[in-house]
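Read through the structure below, which is laid out as structure tokens, and then see the notes.
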Amino acid sequence: MPEPIEVRKVPLQHVSDASELAKLIDAGVLQADRVIAVIGKTEGNGGVNDYTRILADRAFREVLVAKGSRDAAAVAQVPIVWSGGTDGVISPHATVFATKPAEAAERTDEPRLSIGFAMSEPLLPEDIGRTAMVTKVAAAVRLAMAQAGITDPADVHYVQTKTPLLTIHTIRDAKRRGQTVWTENTGESMDVSNGTAALGIAVALGEVEMPADADIMRDRELCSSVASCSSGVELDRAQVVVAGNVRGIGGRYRIGHSVMRDALDADGIWAAIRNAGLALPDRPHPDDLAGRLVNVFLKCEASQDGQVRGWRNAMLDDSDVHWHRQIKACVGGVASAVTGDPAVFVSVSAAHQGPDGGGPVAAIVDLGG
């Protein structure tokens, strides 16, 4: 039986700030050696060269080494997933997950949050955008589910991945070995890596059958309702965090999910919060959350038809500000208005993650004892 989970959200005061994590550890809220995952937002450009992710990663790992007994090599295995870009009102922050001894947690047989993590086999540059990557990610998702003690895919509500994207260096490496890559546009490879990882999640959970290479990034009907996929230059394999509910492990927290049908679908966010077990009125207000919402995690994507609710927008044609940044700011504003809190996890590039123009939403709530 997995151990119960403690989860807390902390602000980042600057790009390499992990002081709030240190405070939680010093106060005894979390034990450094029990931190098993971190998912956060940094204030960089969110692109291929967004090194704020590396700075934040280093800061958090240094605190875990300094405050615990694990050495740097062991802490390096902790999945820490950073999504760059806090466009609009989104505030830089991190959600920290740690285990607790069973005797220290509130006892209940109701479904409570459980976390599992795994690393895939190495992803070669030629795997990105192809079924080889789908297969490797799916295998890692299944391992993470097992670690979380989840046997029914219906109990999985959120799968966060971080995968490599293509760089000039890795493209050249593939060519030297006589291989081809899906694209030589490194920026586009972010979308491709995210979308391929999402299909791996969907396959592992039985949401779709194994796609063909020709389906990837083309058949948008193939998607996962719980996938949240990011990519970057800081790793060479898929880092997978699975969050779901398990009965009997105890604890205060529960997770649920839904989907936003489009960029303005506030009801999709409320539906995820309700699915996590928080009772709400028919027309909820942020005050109804009563401090029980830990965080929401959303993916977003500009609709391929360039419209929202029948009205044309210019995001996909804008050569000055990339659509990644525009849709992220838009959905971040919607999510912040729902929650009354700008420290929301909103990540862009949602191919194969929820419906076109929308995206999955996960919510973690504190149900108390």
Task: Enumeration of residues in segment 228-255 that are under 14 Å from the mean Cα position of the chain (by Cα) and over 30 Å from GLY187 (Cα atoms) - done: GLY244, ILE255
TODO: Mind counting the residues in segment 154-195 that are out of contact with any strand residue (DSSP E or B) (no Cβ under 8 Å at 6 or more places or on another chain) and open to solvent by less than 50 Å² (accessible area, probe 1.4 Å)?
DONE: 11
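For every residue, the table says whether it meets (1) in contact with a Ser or Thr (Cβ under 6 Å, 6 or more places away or on another chain); (2) surrounded by fewer than 24 Cβ atoms within 10 Å (Cβ to Cβ); (3) more than 25 Å from PRO164 (Cα to Cα).
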residue	(1), (2), (3)
SER224	no, no, no
SER230	yes, no, no
LEU235	no, yes, no
GLY250	yes, yes, yes
GLY256	no, yes, yes
Open item on the list: Just to be sure before I move on: is ARG274 surrounded by fewer than 19 Cβ atoms within 10 Å (Cβ to Cβ), over 20 Å from the mean Cα position of the chain (by Cα) and within 23 Å of VAL96 (Cα to Cα) in the structure I sent?
Closed with: no
Task: Per-region count, segment 16-54, residues within 19 Å of the chain's Cα centre (by Cα) and either assigned to a strand (DSSP E or B) or modelled with pLDDT under 95 (or both) - done: 18
Task: Pairs with Cβ under 7 Å, 6+ apart, first in segment 210-234 and in contact (Cβ under 8 Å) with a residue 24 or more places away in the chain, second of a type in the set (Lys, Arg) and open to solvent by 30 Å² or more (accessible area, probe 1.4 Å) - done: ASP213/ARG130; ILE216/ARG130
- [ ] Quick one: which strands (runs of 3 or more DSSP E) lie wholly within segment 223-330 and hold at least 1 residues that are hydroxyl-bearing (Ser, Thr, Tyr)?
- [x] 227-232, 253-260
Task: Meets criteria (among the small types (Gly, Ala, Ser), closer than 26 Å to GLU106 by Cα and open to solvent by less than 40 Å² (accessible area, probe 1.4 Å)) for ALA266 - done: no
Task: Selection count, segment 138-160, where residues are outside any helix (DSSP H, G or I) and in contact (Cβ under 8 Å) with a residue 60 or more places away in the chain - done: 7
Task: ALA102 touching a residue at least 40 places away in the same chain (Cβ under 8 Å), open to solvent by 30 Å² or more (accessible area, probe 1.4 Å) and closer than 25 Å to MET145 by Cβ - done: yes
TODO: Output the residues belonging to segment 334-369 that are under 12 Å from the mean Cα position of the chain (by Cα) and under 24 Å from ARG112 (Cβ atoms).
DONE: VAL344, PHE345, PRO360, VAL361, ALA362, ALA363
Open item on the list: Looking at segment 60-79, can you tell me whether even one residue there is of a type in the set (Ser, Thr, Tyr), modelled with pLDDT of 95 or more and open to solvent by 40 Å² or more (accessible area, probe 1.4 Å)?
Closed with: yes
Task: Matching residues in segment 65-103 - criterion: being over 19 Å from ASP341 (Cβ atoms), of a type in the set (A, V, I, L, M, F, W, C) and touching a Leu at 6+ places or on another chain (Cβ under 8 Å) - done: VAL75, VAL78, ALA98
Open item on the list: For segment 80-99, give me each residue that is open to solvent by less than 50 Å² (accessible area, probe 1.4 Å), in a loop (DSSP other than H, G, I, E, B) and among the β-branched types (Val, Ile, Thr).
Closed with: THR86, ILE90
Task: Residue count for segment 107-122, restricted to those that are open to solvent by less than 40 Å² (accessible area, probe 1.4 Å) and either farther than 24 Å from GLY244 by Cβ or small (Gly, Ala, Ser) (or both) - done: 4
Open item on the list: Return the residues of segment 196-209 that are among the small types (Gly, Ala, Ser) and either open to solvent by less than 10 Å² (accessible area, probe 1.4 Å) or not in a loop (DSSP other than H, G, I, E, B) (or both); say none if nothing qualifies.
Closed with: ALA197, ALA198, GLY200, ALA202, ALA204
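The values are calculated or read from the model by the stated rules, or taken from the named source; none is laboratory data. All of these numbers come straight from a predicted model, not from anything done at the bench. Glycine also receives a Cβ, built like all others from the backbone with ideal geometry; neighbour counts cover every protein chain displayed. Surface areas here come from the heavy atoms of the whole protein model, side chains and all, with no ligands, DNA or RNA. Shrake-Rupley method; radii C 1.70, N 1.55, O 1.52, S 1.80 Å.
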